[in-house]
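Structure record follows, encoded as structure tokens.
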Amino acid sequence: MSTAYALIDCNNFYASCERVFDPTLKNRPLVILSNNDGCVIARSKEAKEMGVEMGVPEFKIRPLIHQKQIAVRSSNYALYGDMSNRVMESLRSLTPNIEVYSIDEAFAELSNRVIPTFHRYGMELRQRVLQWTGMPVSVGIAPTKTLAKIANEAAKSDPEREGVWVLDSQIAVEKLLRQTPVSDIWGVGKNYSANLNKYGINTAWELSCQADSWIRKEMKVTGLRTVIELRGTPCLRVDETTEPRKGILSSRSFGKPVTELCDLKEAVSAFASRAAEKLRAQYCVASNISVVLVTNKYENQAARYKFGMDIALPNPTADTPTLSEIAGLCVEQLFEKGKTYKKAWVMLTGIIPQQEIQSDLFGGNNYSKKQHSLMESMDGINAKFGKRTMSVAGSGIDQPWQMKQQHLSKRYTTHWDELMEVRVL
């Protein structure tokens with residue numbers, strides 16, 4: 001291969017993040033819970049082997065947790081996000097052509113003109129990330145991104161590969177594709193795989209042997225690109241730029257039911273503030289804001305339980321006070337006395353780069369230079385001293401509606417007062 005693609009994937013990412021700062025969790029079964037400690041959203045290898053299923057409610061496996069002494073942690077997104085950034089920066093120190101695919105995955109484009117041995121380079125990537133962050137990763141290297149994804153999964157399941165699998169010949173590609181179910185192919189999914197199984201196509205190799213005309217008919221153009229990649233011809237390049245998101249959602253389930261208007265406005269204001277912060281992080285403004293309130297759908301299953309409102313902004317903005325105020329006005333319109341609210345969300349859409357703002361002829365520019373400078377100052381202070389060091393008053397202080405996180409670990413890398421202490425005896 002003159003050019004190859006590597007997929008670097010963190011092993012059991014959430015669980016591994018917890019283990020980096022808590023050595024007592026090493027080799028111990030561990031589960032990570034969703035918002036309000038509801039369901040299992042991540043598991044260590046040991047927990048998987050004990051039969052803990054993804055998405056199972058925590059209360060259903062509580063006896064197993066006590067019996068097998070399974071460690072339980074609440075979702076610590078501040079820790080996970082920062083650890084992800086550290087992993088990606090470690091990868092960039094070895095190869096600049098990085099595409100961050102998800103919080104725990106990245107693609108890299110490699111060339112044999114600067115890398116004589118792909119396997120050795122894969123081992124170097126693993127060692128660098130482990131040494132700099134403590135995070136174990138697996139590396140799959142192949143002629144295309146789709147094949148690299150398959151190689152990565154194979155590297156995780158074969159201990160003899162030491163976390164690196166390189167598909168550097170047609171024989172190696174064919175052997176692995178014959179062992180890979182079509183359901184495990186990146187981009188195929190359950191619906192396509194079920195349909196392919198009806199035609200007797202059960203493995204990735206069998207899919208790669210089908211005629212292009214048949215693939216286009218059954219799987220459209222995107223499916224044909226996947227098959228071409230399985231054959232070793234790249235159709236998907238590494239994209240080093242990150243496209244701004246088309247919509248930004250901030251949502252939480254409440255830690256306890258909310259019945260008062262003031263508490264509901266406070267929660268929605270906090271969600272609007274968080275969405276505005278994400279919006280400014282990608283140097284954009286929003287033209288539309290949506291607010292949705294959710295009640296308990298099981299109280300009366302025949303009754304409506306979601307109530308929403310969309311507002312088109314007079315001028316696009318990323319100003320937190322403006323968005324927070326509009327979100328609060330929406331809550332006042334939607335709120336009904338006597339209802340019990342379990343969840344709310346704020347979504348910003350109509351997103352454009354901030355340099356493309358077109359002011360209203362008579363209304364002026366809502367996102368003025370003064371507001372822009374204020375928001376930059378607030379974001380800078382929060383980045384330096386921790387989230388919510390500065391916030392709008394409407395988002396509250398105590399926030400009694402906050403979600404339950406009874407098993408939350410410390411935010412070791414983002415809060416000064418939660419840094420790990422090392423004592424020398």
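Each value in this text was obtained by applying a stated rule to the coordinates, not by laboratory testing. Everything quoted here is computed from the prediction, not taken from an experiment. With ideal geometry, Cβ positions are generated from the backbone for all residues, glycine too; neighbour counts draw on all protein chains shown.
Observations
- Principal axis analysis of the Cα atoms in the stretch 139-198 yields extents of 35, 22, 18 Å, listed in decreasing size.
- Inter-centroid distance (Cα atoms) of the stretch 374-425 relative to the stretch 249-287, Å: 16
- Restriction of the GluC sites (Glu not before Pro) in the stretch 1-91 to DSSP coil positions whose beta-carbon has at most 13 other beta-carbons within 10 angstrom yields GLU53.
- A simple charge model with +1 on the Cβ of Lys and Arg, -1 on the Cβ of Asp and Glu and nothing else charged puts the dipole of the chain at about 720 debye relative to its Cα centre.
- Local electrostatic count at GLU325 - Lys and Arg +1, Asp and Glu -1, tallied over other residues with Cβ under 15 Å: -2
- Extreme residue, positive dipole direction of the chain, given options ALA204, LEU177, ILE61 (C-beta unit charges): ILE61
- For LYS404, the shell of other residues with beta-carbons less than 9 Å away shows a net charge of 0, using +1 for Lys and Arg and -1 for Asp and Glu.
- Distance between the 7 Å Cα→Cβ label points at ARG120 and VAL221: 4.3 nm.
- TYR283-ALA303 pseudo-label distance in nm [points 7 Å out on the Cα-to-Cβ vector]: 4.9
- Here's the list of aspartates and glutamates a cross-link from LYS369 could span, going by alpha-carbon distance under 13 Å and ignoring same-chain residues fewer than 8 apart: ASP319.
- The C-alpha atoms of the chain define a longest principal axis, and helix 189-198 lies at about 40 degrees to it.
- Where both bridge residues fall in the stretch 1-167, DSSP classifies roughly 75% of the beta bridges as antiparallel.
- Against the rule of thumb 2.2 N^0.38 Å, how large the Cα Rg of the chain comes out: 1.12
- Mean separation of Cα contacts under 8 Å (6+ apart) over length of the chain, as relative contact order %: 16
- 25 Å tail of the calculated P(r), the stretch 224-338, as % of Cα pairs: 41
- Within a straight-line Cα-Cα reach of under 16 Å, LYS175 can be paired with the following lysines, leaving aside sequence neighbours fewer than 8 residues apart in one chain: LYS149.
- Dipole magnitude of the stretch 169-242, debye to nearest 20 (Cβ charges: Lys/Arg +1, Asp/Glu -1, about Cα centre): 220
- Per-residue ellipticity at 222 nm, computed for the chain from helices alone with -39500 (n - 2.57) per DSSP H run of at least four residues, works out to -12000 deg cm²/dmol.
- Ignoring lysines fewer than eight residues from LYS246 along the same chain, the ones with Cα atoms less than 21 angstrom from its Cα are LYS278.
- Sum of side-chain charges, THR295 neighbourhood, beta-carbon under 10 Å (Lys, Arg +1; Asp, Glu -1): +4
- Orientation-averaged projected area, Cα convex hull of the stretch 208-261 (nm²): 8.3
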